[in-house]
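Derivation of every value follows stated rules applied to the coordinates shown; laboratory data play no part. Fair warning: this is a prediction, and the values are worked out from it, not measured in the lab. Using ideal geometry, Cβ is built from the backbone for each residue, glycine included, and neighbour counts are taken over all protein chains shown.
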Amino acid sequence: MNAEVLTPPPLTDPDALIADLGGRARGAAKRLAIATTAEKAAALRAAAGQLRTQAAKILGANARDMEAGHAGGLTAAMLDRLRLDEDRLSAIADAVDAVAALADPVGREIDRAVRPNGIELSRVRVPLGVVGIIYESRPNVTADAAALGLMSGNAVILRGGSEAVNSNRAIHAAFAAGLATSGLPADAVQLVPTQDRAAVGALLRAQGLVDIIIPRGGKGLVARVQDEARVPVLAHLDGINHLYIDGAADPAKALPLAVNAKMRRTGICGATETILIDRAYPAPLAIVDALVKAGCEVRGDKAVAALSPHVEPASAGDWDCEYLDAIVSIALVDGLSGALAHIDAHSSRHTDAIVTEDKAAADRFLSEVDSAIVMHNASTQFADGGEFGLGAEIGIATGRLHARGPVALEGLTTYKWLVRGSGQTRP
């Protein structure tokens, strides 16, 4: 089989295309809603097997995307998100297998009660239905979203970014090949076959066919989805994450945590973008020097800039910037209250962390910081569904409705009430 990915013809009727995909997805969703755990797990294991079997094709497709990305001037962070190699592809397949091994949320009873009149009430988890997922850069999202959608009983319609078009199509083809052997409908996982932006608009307008839209990408993508969507949206916003080093922090913990939180992988949404240091902390210069030595550009307020000639003055915009690069902004603050005020003004409510040995300070930080993930003495790079034991994730939701934090299987379900009576009539 030729590994070359064919380009579909120009889009002439986006609404008709999405109506066709949505109608087929709706039919598949009905079958998935009653599929057994064993059926879903077998389909995912078969898909993971095909990802491994077709590794050469997928890596070849990714090489074409990388070549186009270099030519198109993608940033280093975007190229890192886009790049696949044998290890990363193996990890993608392993993540699909991991989802197959997770507990199935569908049908799980949340709670049960008996009313005084003898009526029994229970709430059980059910799939959302048809989930539209619009994402950029990362081809692993194609497999992660397909796996999570399938295991949670949802049909998914995927629309990846143009920078990863070949990778996404190759991964989807491998996933579909595995699904074809399982007896579950192939329409359970569909990839929009065009990069025409008009198809995104049609997907956002697909009321009655799509139950929820999940955007995963930059500000521009999320803003467009929120502005144009006529179906509910589960938003994954910027990761403007903070690491606060308290005056009572242990320097032996604070220094490696600061370097890891910023520099382990700078292009992921869990990377720290701003470090706040208590003026009472004894070794702020060591933090700056360690980051500079690691290859990070440091932008600081006046107090931090005075510590080292390697610090560039921070602008007002730096405190609200998701760099996704080897750049960090650092400020000295007046204790925990100063840190909380800064975070409240600038955090995107994704992930914020404190480093301290003071339990009362840690408890106050965990209580008062209103973010989806709040940490104590841990790197913000742990903001990941896999690290939380959830398997793959669809994204990290920063809003308040339906799901918050890493969205995995349970986040892709809702619930319904079951009412069991014995002939009761209401007076």
Spacing of the two label points (7 Å from each Cα toward its C-beta) at residue 366 and residue 94, in nm: 2.9 nm
query: Once whole DSSP H runs in the chain are found, which of them have Cα atoms spread over 20 Å or more along the helix axis and a mean Kyte-Doolittle score of at least -1.0?
result: 14-33, 37-53, 55-71, 86-100, 165-180
statement: If every Lys and Arg gets +1 and every Asp and Glu gets -1 at its Cβ, then about the Cα centre segment 328-382 yields a dipole, in debye to the nearest 20, of 120 debye
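Applying a 10 Å radius around every beta-carbon, put 306-314, 184-192 in order of their mean neighbour count, most first.
In decreasing order of mean packing, 306-314, 184-192 become 184-192, 306-314.
Can you compute the charge dipole magnitude of segment 241-382 about its Cα centre, using +1 on each Lys and Arg Cβ and -1 on each Asp and Glu Cβ, nothing else charged? Give it in debye, rounded to the nearest 20. Each step should come with its number before you reach the end.
Numbers: 11 positive and 20 negative charges, 76 e Å.
So the magnitude is around 360 debye.
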statement: The simple spin-label model distance between residue 63 and residue 283, using points 7 Å out along Cα→Cβ, in nm, is 4.6 nm
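Past the 31 Å Cα-Cα mark, which pairs from 253/302; 219/253; 359/416?
Table pairs above 31 Å Cα-Cα are 219/253; 359/416.
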Trypsin sites (Lys or Arg not before Pro) restricted to segment 318-427 and DSSP loop, no more than 12 other C-beta within 10 Å: 400
task: Could you pull out which residues in segment 184-202 have an amide N less than 16 Å from a spot 7 Å beyond the Cα of residue 33, following the Cα-Cβ vector?
output: 185, 188
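Give me the Kirkwood hydrodynamic radius of segment 1-112 in Å, from all C-alpha pairs, to one decimal place? Can you show the working numbers first?
Working: mean 1/r = 0.0569 Å⁻¹.
This gives a value of 17.6 Å.
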statement: So, with points 7 Å from each Cα along the Cβ direction, the residue 252-residue 181 label distance in nm works out to 5.2 nm
message: For a Förster distance of 41 Å, can you work out the FRET efficiency between the beta-carbons of residue 207 and residue 71, rounded to the nearest 0.05?
response: 0.60
query: Based on Cβ point charges of +1 for Lys and Arg and -1 for Asp and Glu, what charge dipole magnitude is obtained for the chain about its Cα centre, in debye rounded to the nearest 20?
result: 1620 debye
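Once you compute Rg and the Kirkwood Rh from C-alpha atoms, what is the Rg to Rh ratio for segment 241-382?
Numbers: Rg = 13.1 Å, Rh = 14.4 Å.
That ratio is 0.91, to two decimals.
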message: Let me check the size of segment 148-195 from its C-alpha atoms; what are the radius of gyration and Dmax in Å?
response: 10.9, 33
statement: Per residue, the convex hull enclosing the Cα atoms of segment 177-225 spans a volume in Å³ of 109 Å³
- prompt: So what's the net charge close to residue 155: Lys and Arg +1, Asp and Glu -1, counting the other residues with Cβ under 15 Å from its Cβ?
  reply: +2
message: Among 274, 288, 385, whose Cα projects farthest towards the positive end of the dipole of the chain, with charges put on the beta-carbon of Lys, Arg (+1) and Asp, Glu (-1)?
response: 385
